[in-house]
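A short worksheet on the structure shown next.
Just so it is clear, none of the values below were taken in a lab; they were calculated from the coordinates. Keep in mind that what you see is a predicted model, and the values were worked out from it rather than measured. Methodologically, a virtual Cβ is constructed for each residue, glycine included, from the backbone with ideal geometry; neighbour enumeration extends over all protein chains shown.
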Amino acid sequence: MLELIKARRSIRKYTSEPVGDEQIKMLLEAAMAAPSASNRQPWEFVVVRDAKLRQALSQVHPWAGMAARAPVVIVVCGRAGASHHWVEDCSAATENLLLAVAALGLGAVWIAVYPDAERQATVRRILHMPQSLQVLCLVPLGHPAEMKPPHTKYDPAKVHYDSF
Ligand SMILES: Cc1cc2nc3c(=O)[nH]c(=O)nc-3n(C[C@H](O)[C@H](O)[C@H](O)COP(=O)(O)O)c2cc1C
């Protein structure tokens, strides 16, 4: 597990090889294994394979182009009405998802949508999502077409003992 955490990197290039339904289910099982405040699990996931929809999602902001090129995009959404902690809960689910991607030898990247209201509205419109649902991020994923070495960003200067 500790090796896998370091091996997870943001992968932005993918081959055209498809990602199977069974793999997507394994990824979503990992995502939904995340901790959540009061165990409310305020998350929803939209699995987007359709090329036109992915193309539209890739326009949400200038750093989202990978959504058009990945075979699958998982959109992580939160029910804000269900929990004050939906951001933390959905972020924990997203990190689990990214780690599971790495464990399966796939590659993915977290593309921010929240907290920008306009970008969230764009994603809602594309995917016909209810207004009440928040959009945390897009996760384009696929078989990696780039390799990055494992790393940690461990910095002892950021660690404080007993007082800041
Ligand atoms: C909240 C959040 C938002 C991010 N948004 C984007 C994004 O919009 N586009 C992108 O290419 N990468 C995005 N990233 C990925 C970061 O750029 C990446 O994690 C960082 O450069 C460190 O690289 P690593 O993930 O390989 O360790 C985001 C990451 C996080 C946690």
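Provide the gained length on full extension for the span D50 to D116, in nm with one decimal, where the gain is 0.36 nm per separating residue minus the Cα-Cα distance.
This chain segment gains 21.3 nm when fully extended.
I'm a student and want to see the number: the projected area of the Cα convex hull of segment 79-141, averaged over all directions, in nm².
If you wrap the Cα atoms of segment 79-141 in a convex hull and average its projections, you get 4.4 nm².
Give me the count of lysine pairs in the chain whose alpha carbons sit under 28 angstrom apart, restricted to pairs 8 or more positions apart or on different chains.
So the count of such lysine pairs works out to 11.
Within 13 Å, Cβ to Cβ, of V109, how many net charges do the neighbouring residues add up to if Lys/Arg are +1 and Asp/Glu are -1? Please list the in-between numbers first.
Details: positive: R8, R9, R12, K13, R69, K148; negative: E95, E146.
Here the count lands on +4.
If you average over every viewing direction, what projected area does the convex hull of the Cα atoms of segment 27-104 give, in nm²?
On the way: hull surface 22.0 nm².
Computing the convex hull of the Cα atoms and averaging its projections yields 5.5 nm².
Rounded to the nearest 20 Debye, what is the dipole magnitude of the chain about its Cα centre when Lys and Arg each give +1 and Asp and Glu each give -1 at the C-beta?
In debye, rounded to 20, the chain gives about 440.
Return the single residue from H61, H84, H128 with maximal mean-square fluctuation; model: Gaussian network over the chain, springs between Cα atoms under 10 Å.
Among H61, H84, H128, the largest GNM mean-square fluctuation belongs to H128.
I want to check the label-to-label distance for E29 and S163. Put each point 7 Å from Cα in the C-beta direction and report it in nm to one decimal.
So the two model labels end up 5.0 nm from each other.
P(r) of segment 1-68 in 10 Å steps, Cα pairs, percent per bin?
15, 36, 40, 10, 0
Full extension from M1 to D21: what is 0.36 nm times the residue separation minus their Cα-Cα distance, to one decimal in nm?
4.8 nm
Quick one: if the Förster radius is 25 Å, what FRET efficiency do H61 and E95 give, using the C-beta to C-beta distance and rounding to 0.05?
After rounding, the FRET efficiency stands at 0.75.
Compute the semi-axes of the equivalent ellipsoid of the chain, taking the square root of 5 times each eigenvalue of the Cα gyration tensor, and list them largest first in whole Å.
For the chain, the semi-axes come out at 24, 22, 15 Å.
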